[in-house]
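Heads up, the thing below is written out as structure tokens.
The values are calculated or read from the model by the stated rules, or taken from the named source; none is laboratory data. Keep in mind that this is a model prediction, so the values were computed, not measured. Note that each Cβ is placed from the backbone with ideal geometry, even for glycine, and that neighbours are counted across all protein chains shown.
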Amino acid sequence: MTAVTFPAVVINWGSDEMAARRKRRYAADRRLQIYGMIAIAFALGFLAILIGTLTFTGYRAFTQSVVTFELDLSKAEIDRSDVMGADWRGIVRGALREKVPELPRSSERAYFAMFTSSAQFLVRDQVIRNPALLDGVARFSVPLSDPLDQLAKGQVDRDTPESQRRVTDRQIEFYEQLSAAGAISKPFNWGLFFNSDSRFPELAGLAGAISGSFWALLVCFLISFPIGIAAAIYLEEFAPKNRFTDLIEININNLAAVPSVVFGLLGLAVFLGWFGLPRSVPLVGGMVLALMTLPTIIIVTRASLTSVPSSIREAALGIGASKTEAIFHHILPLSMPTIMTGTIIGLAQALGETAPLLLIGMNAFITSPPAGVLEASTALPTQIYIWADSPERGFVARTSAAILVLLGFLILMNAIAIFLRQRFERRW
Amino acid sequence: MNVLTEVAVEKKLNPMTKESNIKMRGKDVTVHYGEKQALFAVNLDIPERQVTALIGPSGCGKSTFLRCLNRMNDTIDSARVGGNITLDGEDIYDPKIDVVELRARVGMVFQKPNPFPKSIYENVAYGPRIHGLTRNKAELDEVVESSLKKAALWSEVKDRLQESGTGLSGGQQQRLCIARAIAVSPEVILMDEPCSALDPIATAKVEELIDELRANYTIIIVTHSMQQAARVSQRTAMFHLGYLVEEGATDKMFTNPDDKRTQDYITGRFG
Amino acid sequence: MAAYLFGFLALAAIVVSLLGISRARRVRTSQAEKVHSRPIYHGLNAAIWTGVPAFVFLILWLTGQNAIVDMIVMGSYPGADALSGAQRSLVLSEIRQVANGNNFREPSPQILAAVAHLQSLEMLARWAMVALVAALVTVGAFFGLKVIESRYRARHSVERSITIFMLFSSLVAILTTLGIVGSLVYEAAQFFARVPLTEFLFGLRWEPQIALRADQVAGQGAFGAIPVFFGTFVISALAMLVAVPTGILSAIYLTEYSGARFRAVVKPLLEILAGIPTVVYGFFAVLTVAPAVRSLGLTIGVEAAPNSALAAGAVMGVMLIPFISSLSDDAFAAVPRAMRDGSYALGSTKGETIRKVLLPAALPGIVGGVLLALSRAIGETMIVVMAAGLIAKMTLNPFDAVTTVTVQIVTLLIGDSEFDNPKTLAAFALGLMLFIITLGLNLIALRTVRKYREKY
Ligand SMILES: Nc1ncnc2c1ncn2[C@@H]1O[C@H](COP(=O)(O)OP(=O)(O)O)[C@@H](O)[C@H]1O
Ligand SMILES: [Mg+2]
């Protein structure tokens, strides 16, 4: 393009200088775009590595190596009136000993350490549940102890010097022997879901944590849902617009941004300290979580109430409904899908909250699931915290597995929320 | 080499000849927004250094046509432009053409004044800066001053160049936007209903300005007001439902239109 | 016991409401004049009378009972007046422990007497509670049913009750804030009664592990909070260093460069980062990022601590990316299209439009978002509890370990519930500071964002 001699000023757009400049400008544009792509790739890459690592370390905990042995209880010395009091340790050890003929006395310790130290209790409880087992030969499976579980899953490097691994050469020999005899298998680890916490990784499960989280979320829902909706209706439909309601408004927005650990302090000082409620119980956990979820529910409810067209309210009022009736019969039901969606998302957030539950003591070591809201228990996220802090190798995989379970619940809840939104939400 | 040179302002054309140079030419211009066709084979020549007014009922495609002329439609994802548009005989949709340069040569002023939330000075200096039209602060100051002068805004803002452009009145904001467009020395200025958001006094000022600018720039103005078209333009093009109905000298269009629809529109039967 | 009472209340309310409805129906058929309210309202009204007073009473009783019983028990405990507050609560907790059957050493006769006293009081309290609840239910039901007659405005009465409930509900948010402020200030005041405010605010040594009991050997204890806040600052700064550029750049890419389909896929994926619980990030930081930082340190010749500030800060930064990105996204979207048009019409490239027009115009919104993110970073707990250090150290070296306010709060309080020593009380003083700082940041941020929304 040649110089234009037209308006007041000539700009030689075709000059080399201008062309070079344009090139630089486009390069800068492209650079910005590339930075943006790098930023997104970084964030998504991190997400992928996070999920990948957790899956990779966690999937192993979904199976558990067990040793299977046969036991003829009809030959054992068991007093039928006192099954509990039989020498279960001796019985189980006897059965296990048969797996390795001519087991030297000197190796017994190492050999029995290969199996979970609670083996006798597992067998005993199974028999008590099903006394028919007493009458003949039955097969029993008990978990291998954590180091052997690691070995079975290929997590032990056999080339490292013996002193630096937790399985001895002797134990590896025994393991190979048992393995060759087909006594070792790796079934799905139902214990992960049906056992409670334990000091031994091979026995530790999430049953207590899952039911603790369930009770806490139930309390959280029962408190925050009605109170949140009532508060939202009041603020949106009834409250006079004055300084005081402005204050409530600001206050709700700020509460939503208060650090969760501060809510924990509140729970500790007020619910435990002043009201004297017991420590570690889902009731208190749920109450703290309810206070944290409340702002979310109020904000969502208000937004969905305002989105209902005023024609509907006018129609209801026009046929003689009271204001309260118009709201409860028409506007609230129409807003319900959105409110439910928001509530589920709020509960999903509450399910992942950890810090406040730590402060009110829901990180205790508790080996049975809570039967109600007033029994001490852990919750899923605090259980993850406890396991993450445990030194045993087996807990690394268990922690990742617990995280996968937690993420599974979160995905489920969000999926329900999305489903509700797409299925029922109205667009006005 | 100098990028920027003051040259004598001298009309190249013989004022006696009726036919002036054709600055821009649209041939069979069609535009689709997604499935919807907004322009149907529009053929229109834009004479150099004259004011061409585009009139027609709203939604008939005036803005759409205008935005084809500096490829602003490129910024709308759903828009597809067909046909052929030239600037000084060069196809502006040619892949070789650089839209950055094109838009500097074909400036645009919008319906609603849209100064950047920056100072008055920065608003005007923005264009010369990004295109690198000046080499130092003094030159930039000069460009800002002359642009504001050409936009008839200098006397009103010269003492508050550092104040925000959004603090000006509507009419001043629109003249600021015109100054901003002038500052990159465009050859063509597109104006999309530049006065529709302004009060009558501000409108009169802008109209006056358009008349002055005609000496140096080719101007295409979309307007809703028949009187405005009659006042400021030399040529008028009438659009209807995406079609160019009629175009010609403004005097003739307003006194003796060929097309019935033009007549109806001008006399206010629809619009 | 209490659970049964709540169940009983619910049952009673349902039964009475059914009685009320049938009674109202009978009134309607037997009387000629027009009945004001529909039977359902009479039923609801009767149910409210039956259940609500007893319910409120039960809640109050349950929250107050322990404190009152404790007071009476201590009132008759020999020599109680001479005890300090801390000793009192020690004695009380021992009494309660013994009453619950977990006595670790042989309790003294005084304690045993107090336990007997406590148990008899609790028995008494339990039956008194049952009796009073039953009485309230009966009286309420009687009254609620008695008022039913044709002219009685049951609907008004029900609606008034609903309004009161709604008003109370909206006060819960205020009460929560008051509870937070009240408890933090109260406990912090006790802390400042033992440790001077100036030492806390300006002291340079933080060694809170003092002796819990006289016979324990431990350090003297120092409560200068500066190093703790310094550590919080270091980790938050690292987090922002990761989150701010990444968040803003990804928002720029998503709003200005990417196609609609890319955006529809990537945006929810980014949001996932915000939905992952922080305890998961904490574990990931320990499991993967900290070792990575260590080996990074080795390659550049720096000895990295296993719980380096960098690992915790970087992971926290990633957690904040979607936060900053979505707020920046909103800020960019709020810039009117006319601004973009004005810039493109002058011949700017996309990059120039973004850098010179959109970014300045969206800046207040972005700054608001960054401040909110900073407040999150400061208050974030689990990542640092798991991945940062415990020792308060003033260092700017990101490979070194530092501790944070939230880490200290959690470690000082985990496993402890007696608020009678500076160590646990210090956690509340830190909590108060944390609350003030985050509140200030939130208020500024919300104001910035709001002001900026008004501009367009
Ligand atoms: N961005 C767009 N997307 C889809 N349709 C559009 C868009 N802009 C304009 N249109 C449609 O194109 C037609 C012409 O619009 P326009 O050129 O703005 O009319 P005018 O400026 O003459 O009032 C109208 O029907 C309008 O609805
Ligand atoms: Mg238009």
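In region C:152-209, which residue that is among the basic types (Lys, Arg) and either away from chain A (no Cβ under 14 Å) or touching a residue at least 60 places away in the same chain (Cβ under 8 Å) (or both) is farthest from C:Gly389 (Cα to Cα)?
Per the stated criteria, the residue is C:Arg153.
Which of (1) more than 10 Å from every other protein chain (Cβ to nearest Cβ); (2) in a helix (DSSP H, G or I); (3) not acidic (Asp, Glu) is the odd one out, the single condition A:Ala321 does not satisfy?
A:Ala321 satisfies every listed condition except (2).
Search region B:182-204 for residues that are within 14 Å of chain A (Cβ to nearest Cβ) and pair each with any residue that is outside any strand (DSSP E or B) and within 16 Å of ligand 2 (Cβ to nearest atom) when their beta-carbon atoms are under 8 Å apart and the residues are at least 6 apart or on different chains.
From residues that are within 14 Å of chain A (Cβ to nearest Cβ), the pairs are B:Val188/B:Leu69; B:Val188/B:Asn70.
Quick test of your reading of the structure: B:Ala249 fulfils all but one of (1) within 16 Å of ligand 1 (Cβ to nearest atom); (2) within 18 Å of B:Asp45 (Cβ to Cβ); (3) surrounded by fewer than 20 Cβ atoms within 10 Å (Cβ to Cβ); (4) not polar (S, T, N, Q). Name the failing condition by number.
If we test B:Ala249 against (1) within 16 Å of ligand 1 (Cβ to nearest atom); (2) within 18 Å of B:Asp45 (Cβ to Cβ); (3) surrounded by fewer than 20 Cβ atoms within 10 Å (Cβ to Cβ); (4) not polar (S, T, N, Q), just (1) comes out false.
Take region A:180-193 and flag every residue that is more than 15 Å from the chain's Cα centre (by Cα), touching a residue at least 12 places away in the same chain (Cβ under 8 Å) and exposed (fewer than 15 other Cβ atoms within 10 Å of the Cβ).
A:Ala181, A:Ser185, A:Pro187, A:Phe188
What number goes with the only condition from (1) within 8 Å of chain C (Cβ to nearest Cβ); (2) not in a helix (DSSP H, G or I) that A:Val270 does not pass?
All conditions pass for A:Val270, except number (2).
Would you be able to say whether some residue in region C:156-179 is buried (at least 20 other Cβ atoms within 10 Å of the Cβ), assigned to a loop (DSSP other than H, G, I, E, B) and either among the polar types (S, T, N, Q) or over 35 Å from the mean Cα position of the chain (by Cα) (or both)?
No: region C:156-179 contains no residue that is buried (at least 20 other Cβ atoms within 10 Å of the Cβ), assigned to a loop (DSSP other than H, G, I, E, B) and either among the polar types (S, T, N, Q) or over 35 Å from the mean Cα position of the chain (by Cα) (or both).
Can you pull out the helices (runs of 4 or more DSSP H) entirely within region C:266-338 that have at least 3 residues that are modelled with pLDDT of 95 or more, within 11 Å of chain A (Cβ to nearest Cβ) and within 19 Å of C:Val367 (Cα to Cα)? Step through it out loud before you land on a result.
Details: elements: C:278-284, C:290-299, C:309-334.
The helices (runs of 4 or more DSSP H) meeting that bar are C:309-334.
Could you check, for region C:375-398, whether at least one of its residues is surrounded by fewer than 23 Cβ atoms within 10 Å (Cβ to Cβ), within 12 Å of chain A (Cβ to nearest Cβ) and on the phi > 0 side of the Ramachandran plot?
no
Among (1) at pLDDT 95 or above; (2) away from ligand 2 (no atom under 16 Å from the Cβ), there is one condition B:Val31 misses while meeting the rest; what is its number?
Answer for B:Val31: the failing condition is (2).
Would you confirm, using the coordinates I've provided, whether B:Ala138 is in contact (Cβ under 8 Å) with a residue 12 or more places away in the chain and either in contact with an Asp or Glu (Cβ under 6 Å, 6 or more places away or on another chain) or among the small types (Gly, Ala, Ser) (or both)? Before you say what the answer is, go through the steps one by one.
Working: in contact (Cβ under 8 Å) with a residue 12 or more places away in the chain: no; either in contact with an Asp or Glu (Cβ under 6 Å, 6 or more places away or on another chain) or among the small types (Gly, Ala, Ser) (or both): yes.
The answer is no for B:Ala138.
Which members of region C:114-134 meet the condition of being more than 34 Å from the chain's Cα centre (by Cα) and closer than 13 Å to C:Ile72 by Cα?
Within region C:114-134, C:Ala114, C:Val115, C:Ala116, C:His117, C:Gln119, C:Ser120, C:Leu121, C:Leu124 meet the criteria.
Counting only residues that are within 13 Å of ligand 2 (Cβ to nearest atom) and of a type in the set (S, T, N, Q), how many does region B:189-212 have?
Result for region B:189-212: 1.
Suppose we filter C:Thr349, C:Thr406, C:Thr353 for residues that are buried (at least 24 other Cβ atoms within 10 Å of the Cβ) and either within 9 Å of another protein chain (Cβ to nearest Cβ) or in contact with a Ser or Thr (Cβ under 7 Å, 6 or more places away or on another chain) (or both); which single one remains?
C:Thr406
Looking at A:Gln155, A:Gln171, which one is of a type outside the set (A, V, I, L, M) and part of a helix (DSSP H, G or I)?
A:Gln171
(1) farther than 19 Å from B:Gln173 by Cβ; (2) within 16 Å of ligand 2 (Cβ to nearest atom): which one isn't true of B:Ala215, the others all being true?
(2)
Being within 16 Å of ligand 1 (Cβ to nearest atom), of a type in the set (S, T, N, Q) and in contact with a strand residue (DSSP E or B) (Cβ under 8 Å, 6 or more places away or on another chain) is true for just one of B:Gln228, B:Gln174. Which residue is that?
B:Gln228 is the lone residue from the list that is within 16 Å of ligand 1 (Cβ to nearest atom), of a type in the set (S, T, N, Q) and in contact with a strand residue (DSSP E or B) (Cβ under 8 Å, 6 or more places away or on another chain).
Output the qualifying pairs, or none if there are none: Cβ atoms under 9 angstrom, residues six or more apart or on different chains, first residue in region A:93-116 and more than 12 Å from A:Ser145 (Cβ to Cβ), second residue among the charged types (D, E, K, R) and not in a helix (DSSP H, G or I).
As it stands, the answer is A:Ala95/A:Glu70; A:Ala95/A:Asp72; A:Glu98/A:Glu70, since those pairs meet every condition given.
Could you tell me which of the residues A:Ala257, A:Ala290 is free of Cβ contacts under 8 Å to residues at least 24 places away in the same chain and among the aliphatic types (A, V, I, L, M)? Spell out the reasoning first.
On the way: A:Ala290 fails: free of Cβ contacts under 8 Å to residues at least 24 places away in the same chain.
That would be A:Ala257, the only listed residue that is free of Cβ contacts under 8 Å to residues at least 24 places away in the same chain and among the aliphatic types (A, V, I, L, M).
Residue under question is A:Phe365, and the condition is that it be of a type in the set (Phe, Trp, Tyr), part of a helix (DSSP H, G or I) and under 30 Å from A:Ser196 (Cα atoms); does it hold? Show your work before the answer.
Values: of a type in the set (Phe, Trp, Tyr): yes; part of a helix (DSSP H, G or I): no; under 30 Å from A:Ser196 (Cα atoms): yes.
Against the criterion (of a type in the set (Phe, Trp, Tyr), part of a helix (DSSP H, G or I) and under 30 Å from A:Ser196 (Cα atoms)), A:Phe365 does not qualify.
If I filter region B:63-104 down to residues being within 20 Å of B:Tyr33 (Cβ to Cβ) and more than 16 Å from ligand 1 (Cβ to nearest atom), which single residue comes out as surrounded by the fewest Cβ atoms within 10 Å (Cβ to Cβ)?
Applying the filter and picking the extreme gives B:Asn84.
What about B:Pro186, is it more than 15 Å from ligand 1 (Cβ to nearest atom) and farther than 29 Å from C:Gly347 by Cα?
No.
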